[in-house]
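Working notes for the structure below.
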Amino acid sequence: GVGGEGRGGGWGVCFFFLMRRRQPRATLFPYTTLFRSLEKSNKLIMKENNFLTKSVSKLDKFSCFPSSTNFLLLKTKIKSKTLQKKLLKNNLLIRDCSTFRGLDDNYVRVAIKTRKENQKLINALEGM
């Protein structure tokens with residue numbers, strides 16, 4: 001019958017229909033956008049990683065270790081704390097790695113940033 005009379009009537013069918021509804025496509029959109037944004041960021045980081053690695057490798061006082069992350073480990077002929085203080089005067093922050101197990105005061109870590117910021121770092125390192 002109608003309205004719940006008899007063996008469940010139309011209510012059971014109505015309830016089943018509500019449970020089987022698919023999620024609206026709009027709820028999937030943010031995940032797609034996030035994935036594309038991460039993909040774009042990863043490409044930018046790899047591009048700037050290559051730029052920074054090549055640029056540092058040309059400098060006499062520095063050598064660079066390969067990295068697939070958003071930072072590079074550099075070995076320097078300048079003491080890490082001294083280099084850190086000099087770069088800080090140019091508003092450039094680097095990580096002193098002298099406290100890292102297996103490294104000494106000739107290692108620093110630099111973040112991979114935008115081309116403009118990476119070029120600023122290279123210019124400052126060239127002046128050392």
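The values are calculated or read from the model by the stated rules, or taken from the named source; none is laboratory data. Everything numeric here is computed off the predicted structure, so don't read it as measured data. Quick reminder, even Gly has a Cβ in these numbers, built from the backbone with ideal geometry, and neighbours come from all protein chains shown. These accessible areas exclude ligands, DNA and RNA; they are computed on the full protein's heavy atoms, side chains included. Shrake-Rupley method; radii C 1.70, N 1.55, O 1.52, S 1.80 Å.
For this structure, a couple of remarks:
- In region 51-67, the residues that are assigned to a helix (DSSP H, G or I) and exposed (fewer than 14 other Cβ atoms within 10 Å of the Cβ): Lys54, Ser57
- Top-ranked residue in region 68-79 [being open to solvent by 10 Å² or more (accessible area, probe 1.4 Å) and outside any loop (DSSP other than H, G, I, E, B); ranked as nearest to Lys47 (Cα to Cα)]: Phe71
- All positions within region 80-107 that are surrounded by 15 or more Cβ atoms within 10 Å (Cβ to Cβ), of a type outside the set (S, T, N, Q) and out of contact with any Phe, Trp or Tyr (no Cβ under 9 Å at 6 or more places or on another chain): Leu83, Lys86, Leu87, Leu92, Ile94, Leu103, Asp105
Residues checked against (1) touching a Ser or Thr at 6+ places or on another chain (Cβ under 6 Å); (2) at pLDDT 95 or above; (3) not β-branched (Val, Ile, Thr):
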{"site": "Phe29", "(1), (2), (3)": "no, no, yes"}
{"site": "Lys43", "(1), (2), (3)": "no, no, yes"}
{"site": "Met46", "(1), (2), (3)": "no, no, yes"}
{"site": "Ile78", "(1), (2), (3)": "no, yes, no"}
{"site": "Cys97", "(1), (2), (3)": "no, yes, yes"}
{"site": "Arg101", "(1), (2), (3)": "no, yes, yes"}
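- When region 108-128 is filtered for residues that are assigned to a helix (DSSP H, G or I) and open to solvent by 40 Å² or more (accessible area, probe 1.4 Å), the ones remaining, listed by number, are Arg115, Lys116, Glu117, Gln119, Lys120, Asn123, Glu126.
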